Amino acid sequence: MVTDRRSDAALRAQVLELLDRHWDGDRGFCVPNPTTYPHLWLWDSCFHAVVWAHLGDERAVQELAAVLEGQLADGLVPHMRYGAIPPDAWLGPSPTTSSLAQPPMFGHAVKVLVAHGKTPPAETIAQAQRGLDWLWSSRRTELDLVYVVHPWEAGNDHSPRWDGWGAPGRTREDYDRAARAAWNKARMGDLTFHDDGAAAWSSTFVACPAGFNAYVAFNLAELADVLDDHVMAERAGRIAAAMDEHLWDAEQELWADLPLVGGGDRLVTTPISDGVMGALVTTDAGHADAALAQLAVPARFGAPFGPTNVARSHPAYDPGMYWRGAAWPHLSYLLWVALRRWQRRDDAAALARRTRDAALDSGWAEYWDPETGQGLGAVPQTWTGLAVAMTDGG
Ligand code: GLC
């Protein structure tokens, strides 16, 4: 019997097999990829929980709990919990977890799990709330924007938006991934830490990124929705309003990043798709429309297997390079959520189709060339199972 591997049923079966293969039953989470990424990563595991929920699998609850079990005493949810071997870089004083933040996608994960009848235990939800409280109280500026103290915290560690901090490589020709990785590792030496081990400040790198602010506000709003919590909802609204007031760049029609330490004295406006993520939370329809429209424009982020992560017309754009142009399935998922929030149903459906095709054809690659669909990075990578969530429709 010939089965259509592109059918919805076949897609679900393949994603279940992918997650099964990467599942660590003893520790209760999927590794993103057993060779390249043999640890727990915060937003990866939140996305895995979302995928498990769409598959109707109880491991959704276990994996979300595993993310939050790493929480430090005062509330930071670390971006990594270490697997059997130590990480390949010093990530702060804690022996079992990193000391860094990452986009706190657990608010969204809670909402998706509840919607799929996989309500997490009260303790998990309380930990998620504390994690967001910590970012609000320990990582917020007077402008109501949140900041990161290391590029790893933003989730997009080699982004061209960090080029102005003295990191090596600017254009496709002079960029060297290993040199940038070494530069990032060296930045760990610039950090100070709170008593519980959480990273507090950096002498060389502090920024309020558009993407990270959008993610914090989005996750506050998602959890507020589940809990009907007015305090969290108000915080989400304040960050979103601060983004519109202080980060909106009318020239690029994207949300930009605000440097606090290093990075120059003006907004960093390099056109990257993280600059569209404000559409997840803004109440400004003009901003949302102007940013979201660029996802389909060929000179910006529109590409056959896109959106690209860096505008195609920008000199840093490299469709094959990690965080410097390639298409990322988890970003496509978040952009799909944003498109649906603004009722751009056709655009969202087209993005879901493209992502599903590229996910299947690349063998579930970590990211891919948006021009050709060629799989790149770790193959297979668990978060690419998000294609199932986008096919399911919510
Ligand atoms: C890379 C990405 C980060 C991700 C991790 C595991 O470090 O930059 O966002 O969480 O890989 O997939």
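The values are calculated or read from the model by the stated rules, or taken from the named source; none is laboratory data. This is a predicted model, so every value here is computed, not measured. Ideal geometry is used to build each Cβ from the backbone, glycine not excepted, and the neighbour counts take in all protein chains shown. We work out accessible area using only protein heavy atoms, side chains counted, and drop any ligands, DNA or RNA first. Shrake-Rupley method; radii C 1.70, N 1.55, O 1.52, S 1.80 Å.
Do the conditions hold for Gly56, that is, is it open to solvent by 10 Å² or more (accessible area, probe 1.4 Å), small (Gly, Ala, Ser) and modelled with pLDDT of 95 or more? Yes: the conditions hold for Gly56. Remark: pairs (first residue in region 361-376, closer than 19 Å to Arg177 by Cβ and polar (S, T, N, Q); second residue within 16 Å of the ligand (Cβ to nearest atom) and outside any loop (DSSP other than H, G, I, E, B); Cβ separation under 7 Å; 6+ apart in sequence or on different chains) = Gln374/Trp368.
Filtered by the rule that a residue be outside any loop (DSSP other than H, G, I, E, B) and open to solvent by less than 40 Å² (accessible area, probe 1.4 Å), region 1-36 gives Ala10, Leu11, Val15, Leu18, Leu19, His22, Asp24, Phe29, Cys30, Asn33.
In a residue-by-residue description of region 102-109, the property of being in contact (Cβ under 8 Å) with a residue 60 or more places away in the chain, polar (S, T, N, Q) and in a helix (DSSP H, G or I) applies to no position.
Sort out which residues of region 250-268 are surrounded by fewer than 18 Cβ atoms within 10 Å (Cβ to Cβ) and more than 20 Å from Thr204 (Cβ to Cβ), and write them in order of number. Ala250, Glu251 - these are the residues of region 250-268 that are surrounded by fewer than 18 Cβ atoms within 10 Å (Cβ to Cβ) and more than 20 Å from Thr204 (Cβ to Cβ). Only a single item in (1) charged (D, E, K, R); (2) closer than 17 Å to Glu253 by Cβ; (3) within 18 Å of the chain's Cα centre (by Cα) is not met by Arg324, and it is number (2). Being within 19 Å of the chain's Cα centre (by Cα) and acidic (Asp, Glu) holds for only one residue in Asp44, Asp57, and it is Asp44.
Restricting Leu360, Leu334 to those that are at pLDDT 95 or above and surrounded by 22 or more Cβ atoms within 10 Å (Cβ to Cβ) reduces the list to Leu334. Filtering Leu100, Leu91, Leu143 for residues that are over 18 Å from the mean Cα position of the chain (by Cα), closer than 19 Å to Val206 by Cα and within 16 Å of the ligand (Cβ to nearest atom) leaves a single hit, Leu91. If you go through region 364-389 and keep only what is touching a strand residue (DSSP E or B) at 6+ places or on another chain (Cβ under 8 Å), open to solvent by 20 Å² or more (accessible area, probe 1.4 Å) and away from the ligand (no atom under 16 Å from the Cβ), you end up with Asp369, Gln374. Each residue in region 170-198 was checked for being small (Gly, Ala, Ser) and within 16 Å of the ligand (Cβ to nearest atom), and 3 pass.
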